[in-house]
1. Which Rg and Dmax, in Å, describe the Cα atoms of the range 185-250?
2. Considering Cα pairs under 8 angstrom that are at least six residues apart, work out the relative contact order of the range 86-240 and quote it in whole percent.
3. Name the long-range amide H neighbours of Gly110: under 5 Å, sequence gap of 5 or more, or other chain; modelled H, no Pro or chain starts.
4. Taking θ = phi - 60°, what integer Hz values does the Karplus form 6.51 cos²θ - 1.76 cosθ + 1.60 yield along the range 222-239, in sequence order, with x for Gly and Pro?
5. Below 18 Å, Cα to Cα, which lysines can Lys93 reach? Residues fewer than 8 away in the same chain don't count.
6. Placing unit charges on C-beta atoms (Lys and Arg positive, Asp and Glu negative, everything else neutral), compute the dipole magnitude of the chain about its Cα centre in debye, rounded to 20.
7. For the range 236-288, what's the relative contact order in percent, using C-alpha pairs closer than 8 Å and at least 6 residues apart?
8. Can you work out ³J(HN,Hα) from phi for every residue in the range 112-120, in order, using Karplus 6.51 cos²θ - 1.76 cosθ + 1.60 and θ = phi - 60°, giving whole Hz and x for Gly and Pro?
Amino acid sequence: MEIFLASLISIGTMLCYSIPGYITVKTNLIKPTSISAFVVVQMYVCQPCLTINSLISATYSWDYFKQVLIFFAIAFLLQVIMLVVFYFVFRKKGAEDVRYRIATIATSFGNVGFMGVPLLEAIMPEEVRGQSLMLSVMFLIGLNVLGWTVGSSIITRDKKYISIKKVLLNPAMIGLMIGLPIFFSGVTVPEPIANMISLVGRTSTFIAMLIIGMRLATVKVREMFSDPLVYGVVGLKQILMPLIGLVLVWFLPLDIYVRQALFLLAAAPVASIVLNFSELLGEGQKMSANVVLVSTLTSIISIPLLSLIMNVMPNIYA
């Protein structure tokens with residue numbers, strides 16, 4: 001019950017962050033055309049700092065690093081499985097309708113960074129909290145690699161996005177390249193710099209929810225909640241994906257908190273980055289907004305309920 005309440009409070013708090021975004025757009029203090037500017041700040045400034053901060057907060061050891069590598073492989077495989085399966089499920093309709101192309105990536109990409117980090121901080125025991133945050137970053141790295149390449153290609157139906165350049169030169173990877181040498185060397189980052197990186201990185205969650213609130217102010221609530229495809233995507237992402245994650249880690253030599261982190265992150269709602277890519281690429285904004293908004297709102301029910309499984313996971317994997 002403690003994990004249930006912690007996740008409920010954490011999700012509820014994050015949803016409150018969206019209120020200023022909703023109000024500022026509804027009152028015309030911010031124009032809807034300005035939302036893309038907030039997206040750029042979030043993706044190109046806050047996200048790399050979130051990655052770097054998680055890396056410099058973790059303590060290196062070979063045993064831990066081996067688990068991180070296994071975790072990354074499983075998280076990446078989980079996203080690929082969902083992406084491939086539902087690419088073929090929605091392929092025929094997606095050729096004509098961008099809504100189904102958005103649905104394809106929305107079933108695979110979760111808000112593992114902007115919502116995952118606060119969730120792990122709220123739920124994980126203090127002694128493994130720093131290590132858990134790096135797991136969130138590993139999940140996020142895989143998401144970004146797929147999002148900037150395969151995901152962008154699916155949305156636009158243009159294969160030019162599948163390139164080594166897109167793999168290496170995306171915001172999360174740049175943050176990884178900066179943070180990894182610090183993680184391996186154990187160098188202590190000067191406190192003023194570390195605090196600055198931490199502050200900017202943690203702003204990611206607020207800006208992500210702010211953008212969701214802004215977008216909520218631009219959509220018709222009836223349309224948002226009346227699309228069966230949206231509910232299908234939300235169910236696949238927030239229920240099927242974490243259950244597949246449980247199966248994937250069943251026989252692997254991972255600490256229980258690593259298994260729990262994978263399950264919790266897999267249960268995260270549809271990533272705000274899906275909406276961000278739609279904004280940047282200029283396609284499927286309405287569907288992206290609807291599925292991200294509905295997924296985020298329903299996560300206040302789904303994540304606390306699924307978190308109850310975390311209580312029995314030590315017995316399952318004993």
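Quick note: the coordinates plus some simple rules give every number you see, no bench work behind them. None of these values were measured; they are calculated from a predicted model. Every residue, glycine among them, receives a Cβ derived from its backbone with ideal geometry; neighbour counts consider all protein chains shown.
1. 19.4, 53
2. Once normalised by length, the contact order is 25 percent.
3. It is Ala271, by chain and number.
4. Ordered by residue, 3J(HN,Hα) equals 4, 5, 4, 9, 10, 9, x, 4, 4, 5, x, 4, 4, x, 5, 6, 8, 10 Hz.
5. Lys286
6. Computed about the Cα centre, the dipole is about 1080 debye.
7. 40
8. 3J(HN,Hα) across the range 112-120, in whole Hz: 7, x, 5, 9, x, 4, x, 5, 4.
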